[in-house]
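Participant: Just dropping this structure here.
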Amino acid sequence: MLITRKVEFSASHTCWNPLLDGATNEAVYGGEANPQGHGHNYVLEVTLEGEPDPVTGMIVDLKDVKQVLEQAIVAPMDHRHLNHEVPPFDRIVPTAENLTMEIWRRLKPRFEATPARLRLVRLFETEDLYVEYEGL
Amino acid sequence: MPQVRVTRRYRFSASHRLHTPALDEARNSAIYGKCNNPYGHGHDYLLEVTIAGEPDAVTGRLAPLQDLDRFVERVILKAVAHRNLNTEVAEFSMLVPTTENLAAVVAARLAEAWPAAFAARAARLEKVRIHETKRNIFEVRVDPAVRSE
């Protein structure tokens, strides 16, 4: 059975790779390349997999899930500038793709102590763009 | 290799009438109900295009979003936005423009044009999802045989 928990955070970023010239950055990232940065209201959906406990009827205690998401994602990222304050985005470009994979990397070990397994991370950068990652 | 899926949403408004010449008036009316209205009706369709693959190591992107947006605009939106699907979109001269059929037509058009536009990139087309209304959503996977890889 799958269970999905949703959480939101707002953060700023700029998508610009110094290894590429200005025109290429513009072509690849469009408005996201503005060096002054801009922000998004990210919506994160985290899908966990497991079987309901026969006694509690729950796959996992959602209070624990809430706490993991708060500690691993919201606290370090909410109202932060990703490029300046959230490694590894001082070194790699904080595209929605890279951010989704980083969120997976941060969450994966946190759920190993719970009865649920991390199955899917879905990150909405805007209402019209989302990225999904199911790990390796 | 890490595989991500990137989904982009687009919106277009179009009209249609559900009616097939293969059936008589009574059967059409019984099957399609209000959607059989001879004057047609329309929807604000929401189109989701999903691509998949490994993000580029340098850019961190599966494909430049501007390229995807221009591609979908050229291949789909220009042909369907503010159109009468029955009379202005070639496939529906012979096919009822249900959203099942619309999703299949959109997927086929995207798949056919994809290799020429995105041959140099690792991204492949994965699926097409169309929300006809908030309550009716149609999804079709793109045929792997016509993927660019």
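Participant: Residues A:77, A:101: which one is without any contact (Cβ under 8 Å) to a residue 40 or more places away in the chain and surrounded by 20 or more Cβ atoms within 10 Å (Cβ to Cβ)?
Facilitator: Result of the check over A:77, A:101: A:101.
Participant: Can you confirm whether the stretch B:132-148 contains a residue that is touching a residue at least 60 places away in the same chain (Cβ under 8 Å) and not in a helix (DSSP H, G or I)?
Facilitator: Yes, the stretch B:132-148 contains a residue that is touching a residue at least 60 places away in the same chain (Cβ under 8 Å) and not in a helix (DSSP H, G or I).
Participant: Among the residues of the stretch A:37-51, is any polar (S, T, N, Q) and in contact with a Lys or Arg (Cβ under 6 Å, 6 or more places away or on another chain)?
Facilitator: Yes, that holds for at least one residue.
Participant: Related question: Do we have any residue at all in the stretch B:21-31 that's of a type outside the set (Asp, Glu) and within 14 Å of chain A (Cβ to nearest Cβ)?
Facilitator: no
Participant: Here is a follow-up. Restricting to the stretch A:88-117, name every residue that is at pLDDT below 95 and among the acidic types (Asp, Glu).
Facilitator: A:112
Participant: Give me the pairs, please: first residue somewhere in the stretch B:7-20 and within 14 Å of another protein chain (Cβ to nearest Cβ) and over 18 Å from residue B:134 (Cβ atoms), second residue anywhere and of a type in the set (A, V, I, L, M) and in a strand (DSSP E or B), beta-carbon distance under 6 Å, and either six or more positions apart or on two chains.
Facilitator: B:8/A:129; B:8/B:49
Participant: Also, quick follow-up: Scan the stretch B:11-22 and give yes if some residue there is modelled with pLDDT of 95 or more, assigned to a strand (DSSP E or B), buried (at least 19 other Cβ atoms within 10 Å of the Cβ) and of a type in the set (Ser, Thr, Tyr), otherwise no.
Facilitator: Scanning the stretch B:11-22, I find no residue that is modelled with pLDDT of 95 or more, assigned to a strand (DSSP E or B), buried (at least 19 other Cβ atoms within 10 Å of the Cβ) and of a type in the set (Ser, Thr, Tyr), so the answer is no.
Participant: Say we look at the stretch B:44-85 and pick out the residues that are among the polar types (S, T, N, Q) and within 13 Å of another protein chain (Cβ to nearest Cβ); which of these is surrounded by the fewest Cβ atoms within 10 Å (Cβ to Cβ)?
Facilitator: Here the answer is B:66.
Participant: If you scan the stretch A:1-21, which residues turn out to be surrounded by 11 or more Cβ atoms within 10 Å (Cβ to Cβ) and assigned to a loop (DSSP other than H, G, I, E, B)?
Facilitator: Correct list: A:14, A:15, A:16, A:17, A:20.
The values are calculated or read from the model by the stated rules, or taken from the named source; none is laboratory data. Here the structure is a predicted model, which means the values were calculated and not measured. No Cβ is skipped: glycine too gets one built from the backbone with ideal geometry, and neighbour counts run over all protein chains shown.
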